[in-house]
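The values are calculated or read from the model by the stated rules, or taken from the named source; none is laboratory data. This one's a predicted model, so the numbers in the text were calculated from it and none came from an experiment. Positions of Cβ are generated from backbone atoms using ideal geometry, with glycine treated the same way; all protein chains shown enter the neighbour counts.
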Amino acid sequence: MVNGTQADAESRMRRDLGEFLRAKRAALRPSDFGVPNSKRRRAPGLRREELAQISGIGITWYTWLEQGRDIHVSTDLLQRLTRALRLSPHDAAYLFSLAGQSLSVLPQEAPGLVDGLQTVLNGYAFGPAAVFDPIGNTLAFNLIGDFVYHFSGYDGPWGDNIFWRLFMDPYRRQMYVDWPDFARYGVGLMRGLYASRKDDSAYREMIDDLCRSSPDFHRMWNESVQQGTSSYAPNRIHLQVPELGKLNFLSVRLAIPMQDAWTVFLSPLDEKTMSAMLGLDSCKGK
């Protein structure tokens, strides 16, 4: 029997799935699918019946998905939706996660990633693992990492950037048990990166956008002028993750010189965290 807390979590996931499908459907251009984009359309993107036809799914079944109904979703159906919605590997992983199959399909190799690196991430069973470019944009991740951090679950021009989401993503802010301290660590790291990237227009633009959008970031960024940068050494991370509770990790950051990137592995610090991570990993293939 499903308890109240689990039922509430599953209901929330179904609602999130419906919202995600509606958003991705609205982002599609009818003309890209040979559908006339008439002035009579009341909303952007494809209609439900059009997407259902393109993906080979019954309109009633697809409507129930967007409505958050409690129905079983097969891997084949999700794969067809992935193709019809033209989802990126990150968005595809998020779709499977919302449908309760987050650990059953591995993400595709990220374009330009060092050979074998995605395989290394996929094979890491002890916690989240991800690769980031020099300014914090997410390049690849394992599915345990996506379950914990929701890498695929945030839209916007800086949606893939860990620094942006540290301040602007409500989920990330609530997840860090000691968010103020970790946020200062992040800002210090950003300040260190900035010293060698003052001519990087994209990085400068993101910093300016963060200063305008987040009073917390604006204050900490100005404070970092006097306080300097944070250490690059491994540090402890304490997370409060829905359905898993409090988790404690050691964060190990490793450079990838040939990729001009860096990877982070989170290693469990206690038996509870280790058990939770191995429980997620055991779901692969189910």
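Quick notes on this one:
- Every residue from region 83-92 that is over 18 Å from Met13 (Cβ atoms) and either in a helix (DSSP H, G or I) or among the charged types (D, E, K, R) (or both): Arg83, Ala84, Arg86, Pro89
- Residue within region 124-136 that is on the phi < 0 side of the Ramachandran plot and without any contact (Cβ under 8 Å) to a residue 40 or more places away in the chain present: no
- Region 251-261, residues that are at pLDDT 85 or above and surrounded by 14 or more Cβ atoms within 10 Å (Cβ to Cβ): Ser251, Val252, Arg253
- Residues (touching a residue at least 24 places away in the same chain (Cβ under 8 Å) and either closer than 28 Å to Val241 by Cβ or crowded, with 17+ Cβ neighbours inside 10 Å (or both)) located in region 193-217: Leu193, Tyr203, Met206, Asp209, Leu210, Ser213, Ser214, Asp216, Phe217
- Residue within region 167-179 that is in contact with a Ser or Thr (Cβ under 7 Å, 6 or more places away or on another chain) and touching a residue at least 40 places away in the same chain (Cβ under 8 Å) present: yes
- Residues satisfying the stated conditions in region 263-286, i.e. under 17 Å from Val131 (Cα atoms) and either at pLDDT below 85 or touching a Gly at 6+ places or on another chain (Cβ under 8 Å) (or both): Phe265, Leu266, Ser267
- Annotation: of all residues in region 130-164 being polar (S, T, N, Q) and in contact with a helix residue (DSSP H, G or I) (Cβ under 6 Å, 6 or more places away or on another chain), the one that is modelled with the highest pLDDT is Asn142.
Residue-wise test of (1) modelled with pLDDT of 80 or more; (2) touching a strand residue (DSSP E or B) at 6+ places or on another chain (Cβ under 8 Å); (3) assigned to a loop (DSSP other than H, G, I, E, B); (4) not assigned by TED's automatic domain parsing to the domain that holds Arg25.
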| position | (1), (2), (3), (4) |
| --- | --- |
| Ser38 | no, no, yes, no |
| Ala43 | no, no, yes, no |
| Glu50 | yes, no, no, no |
| Gln53 | yes, no, no, no |
| Asp70 | yes, no, yes, no |
| Leu78 | yes, no, no, no |
| Leu81 | yes, no, no, no |
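- Residue selected from region 140-172 under the condition buried (at least 22 other Cβ atoms within 10 Å of the Cβ) and touching a strand residue (DSSP E or B) at 6+ places or on another chain (Cβ under 7 Å), by the criterion nearest to Pro128 (Cα to Cα): Gly145
- Selection of region 142-153 for residues being without any contact (Cβ under 8 Å) to a residue 40 or more places away in the chain and not in a helix (DSSP H, G or I) yields only Asn142.
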